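Written out below as C-alpha cells is the structure these notes cover.
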Amino acid sequence: MRKQEFLAQLRKGLSGLPQEDIEERLTFYSEMMEDQMEEGLSEEEAVSAVGSVDEIVAQVAADTPFTRIAKEKKKSQRRLSAGEIVLLVLGSPIWLSLIIAAFAVIISLYISLWAVIVSLWSVFASLVGCSVGGVLSGVLFAKGGHVASGVAMLAAAIACAGLSIFTFYGCKAVTGGILTVTRKVTAWIRNCFAKKEAA
C-alpha cells in the first residue's frame, strides 16, 4: 500500500473524531513513514511497519475520551425535517419500548453474569471457612478424646482446602474473562460512535 492511500484510509476511519485530532494523527503517521523511508525502507515497507489502519483506528478510539467523540458526533448530525420528527413522535410508543426492553435485557444479562461470579467467590470463601473450621474442630475433638472424629474432621478440612484452591483459580479465570469481555464491548461501543455513518 502506498503512503497516500494509507493516509486516505486512515482519514476515513477516523472521520468521527474532531478535525484537529484527525489532522494531528495524520501528521504523526505521515512523519513516522517519512522517517522510516529516510532510514532506507521502501514506501510499502514503511507503510506496513506502521501497522494496519483498523488497529490504529481502534487504538485512537480507545484513547479518545468518550465525551469528545459524542460531542463531535452531535456536531456532525444533520437536522431532522418536520416529517421525520412527526414520524418519530408517532412511532415512539413502539421504538421507545423496544429500546427500553433491549436495554433491560442487556443489563439483566450483565447483572446475571456478575451474580454468578459473586456466587462462585462465595463458594470459594465457604470452602476456605470450612477448611479452617474443620482444622479447629478436628483439634478440639482430638483433645476431647474423640480421636476418630477429630481425624475425620481434619480429613474433611484438607479436602475443603484442596477444593478451595481449584475454586480460586476457576473464579479468577471467570472474573478475568468477564472483565475482558466488558473492555471489548466498551471499545466496540466507542468505535461505533467514532465512525460516522456513510452519507
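None of the figures in this text is laboratory data; all of them are computed from the coordinates on show. Because the structure is predicted, anything quoted here is derived from the model rather than measured. A quick note on method: Cβ atoms are made from the backbone with ideal geometry, for glycine too, and the neighbour counts reach across all protein chains shown.
Remarks
- Value at 222 nm in deg cm²/dmol, rounded to 500, when DSSP H runs of n ≥ 4 in the chain each add -39,500 (n - 2.57): -30500 deg cm²/dmol
- The distance between label points at Lys143 and Val86 comes to 8.8 nm (points 7 Å beyond Cα on the Cα→Cβ vector).
- Mean Cα-pair separation over length for the chain, i.e. relative contact order, pairs under 8 Å, 6 or more apart, %: 28
- 26 Å Cα cut-off, lysine pairs counted over the chain (separation 8 or more, or different chains): 24
- The long axis of helix 147-194 is offset from the longest Cα principal axis of the chain by roughly 10 degrees.
- On the beta carbon distance between Lys12 and Phe166, with R0 = 35 Å, the FRET formula returns roughly 0.10.
- Neighbour-count ranking [beta-carbon atoms within 10 angstrom, fewest first] of Leu26, Leu87: Leu87, Leu26
- Loop-exposed trypsin sites (Lys or Arg not before Pro) per DSSP, neighbour cap 14 Cβ within 10 angstrom, longest uninterrupted part of the chain: 80-199
- Principal-axis analysis of the Cα atoms of the chain puts helix 19-38 at an angle of about 90° to the longest axis.
- For the chain, the longest principal axis of the C-alpha atoms and the axis of helix 3-13 are separated by about 60°.
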